[in-house]
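One structure is given here, and the rest of the page talks about it.
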Amino acid sequence: MLPNSQEVTVALSGGADSVALLYAMREIAEKYNIRLKAAHLNHLLRGEEANRDEQFCKDLCEKLGVALTVERIDINAIAKQTGESTELCARNQRYAFLQRAAGENGKIATAHTADDNLETVIFNLVRGTGVAGLGGIPPVRDNIIRPLIFCTREQIEEYLEQKGQSFCTDSTNSDEVYTRNFIRHSIVPKLEELNPAVKQSVAKMCDGIRADNEFITKSARELIDKGTEVENLANADKSVSSAAVAMLCKENLGITPERKTVEAILDMLKTRKGKLNFEGNSFAEIENGKLCFYKLDNREIRCALAEVIGKKLRQYDFSVVTKDEFQQIRNVNKKFFFMSLDYDKIPKDAILHNYDGSGNIRIAGRNCSKSIGKLLNEYKVPERKKGETLVISDSCGPIAVLDYAVSERVKIDGETKTVLLIKKEESL
């Protein structure tokens, strides 16, 4: 957990677990050359009780000679803005705060215990989880360490009693409207009737499962590195292919998939076809023999072309420049894709809109007309992407298909004075 000479920030709530952690870290700080400090976040959720906890932490750190960072954040207000549950918002804000308090190179010590680990495993099990979820709370994750993860709450309270140290009790810990409290007060006692040492037993189980999961994760990464061809993924061991699918969802869409979602994608791999729609207009699909992940932006766009001049829409910048300026820009900025139209030839009624499945365009330099549908097929644009394509049209029809074609009637020629420049970064 700790190399020699390390700065550690203890996440201090004022509860028994975090108070015991602060005491324990202070006892070993000199021996291991640990530079110790603490951080307390007031979520402003429990009124005077929250203020009491904040003052307790200040008094405790002053007594122990430990530097303390305190912040106050209105979790309810932020949750309304983000749409998160209060619990999730509080967790996200708490870890962001701890990272700020710890700094770039510091370690964060949290007071998770064997009790927390058991509750997490039960929660994951009921929700439906894979190997990673059954591994419980890892003792080390990135710069976060959990020195008390193998200690029970009973051991911690006994330790504090020996020290003669009081602690704060969160009144919400008894409210079973919170899922974890229901697990803690209603389920865990029944398990302890079957096995009084269930917390320690599950902790040992998690230790073994995490070791197995490390091997599976490594194998899944090696599988992905070989490619996302269906044959490659479908012929792998199910545990490895499942982990690979979960990784791809996370890396491509930012989604941590539930078990049923992974199973649905594995079924697609077996049948070599299929499409799965996630929330947020995100998809997994078998396409050209590969498992593909993508997001669609089919928001309808229909506005006067004049409204976007000098602005950015999606990944496109629209600007009007002189012909000389255009030549200079094109010569200097090699990394950009340019589409250019003679601005003076564009009718005032021109509009920008999504491709709607219709329209023909007489393509500059080809001396022929072509339907936009056939043009997109030429460029092998998938059906799913056609609705994202933007078109400029006037009362006579399309004059440009962004990324693909400009009409003969608005092309740049020797008489051009001003240019409509449509610029797109290649990386997008």
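A few notes on this one:
- Segment 216-245: number of residues that are polar (S, T, N, Q) and assigned to a loop (DSSP other than H, G, I, E, B): 2
- Looking only at segment 80-98, residues that are exposed (fewer than 13 other Cβ atoms within 10 Å of the Cβ) and either charged (D, E, K, R) or not in a helix (DSSP H, G or I) (or both) come to 3 in all.
- Selection of segment 188-213 for residues being under 19 Å from Gly135 (Cα atoms) and in contact with a helix residue (DSSP H, G or I) (Cβ under 7 Å, 6 or more places away or on another chain) yields Val188, Leu191, Val198, Lys199, Gln200, Val202, Ala203, Cys206, Ile209, Asp212, Asn213.
- Scope segment 372-426; condition part of a loop (DSSP other than H, G, I, E, B), in contact (Cβ under 8 Å) with a residue 40 or more places away in the chain and under 29 Å from the mean Cα position of the chain (by Cα); matching residues: Pro382, Gly387, Glu388, Glu426
- Segment 274-296, residues that are loosely packed, with under 12 Cβ neighbours inside 10 Å and charged (D, E, K, R): Glu279
- Contact annotation: residue pairs with Cβ atoms under 7 Å, 6 or more positions apart or on different chains, pairing a residue in segment 117-145 that is aromatic (Phe, Trp, Tyr) with a partner that is surrounded by 17 or more Cβ atoms within 10 Å (Cβ to Cβ), are Phe123/Ile183.
- Figure legend. Inter-residue proximity from segment 59-79: first residues buried (at least 17 other Cβ atoms within 10 Å of the Cβ), second residues among the β-branched types (Val, Ile, Thr) and outside any loop (DSSP other than H, G, I, E, B), beta-carbon distance below 7 Å, spacing 6+ or different chains. Indicated pairs: Leu60/Val19; Ile75/Thr86; Ala79/Thr86.
- Test: residue in segment 227-246 that is modelled with pLDDT under 90 and at positive phi: no
- In segment 1-46, the residue that is farthest from Asn92 (Cα to Cα) out of those that are small (Gly, Ala, Ser) and outside any helix (DSSP H, G or I) is Ser5.
- Test result for Glu49, assigned to a helix (DSSP H, G or I) and surrounded by fewer than 19 Cβ atoms within 10 Å (Cβ to Cβ): yes
- Answer residue from segment 243-261, given it is surrounded by 18 or more Cβ atoms within 10 Å (Cβ to Cβ) and in contact (Cβ under 8 Å) with a residue 60 or more places away in the chain and is farthest from Cys292 (Cα to Cα) among those: Ala243
- The test for being more than 39 Å from the chain's Cα centre (by Cα) and of a type in the set (Ser, Thr, Tyr) does not hold for Ser340.
- Of the helices (runs of 4 or more DSSP H) lying entirely inside segment 105-215, those carrying at least 1 residues that are hydroxyl-bearing (Ser, Thr, Tyr) and in the same structural domain as Arg91 (by TED's automatic domain parsing) are 114-127, 153-163, 179-182.
- Counting the residues of segment 372-393 that are crowded, with 17+ Cβ neighbours inside 10 Å and polar (S, T, N, Q) gives 2.
- Of the residues making up segment 235-263, those that are of a type outside the set (A, V, I, L, M) and more than 16 Å from the chain's Cα centre (by Cα) number 10.
- Failed criterion for Lys226 (all others in (1) touching a helix residue (DSSP H, G or I) at 6+ places or on another chain (Cβ under 7 Å); (2) over 28 Å from Cys292 (Cα atoms) hold): (2)
- Ile309 vs. criteria crowded, with 17+ Cβ neighbours inside 10 Å and either at pLDDT 90 or above or closer than 18 Å to Leu420 by Cα (or both): no
The values are calculated or read from the model by the stated rules, or taken from the named source; none is laboratory data. The structure presented is a predicted model; accordingly, all values stated were derived computationally and were not measured. Virtual Cβ from ideal backbone geometry, glycine too; neighbours counted across all protein chains shown.
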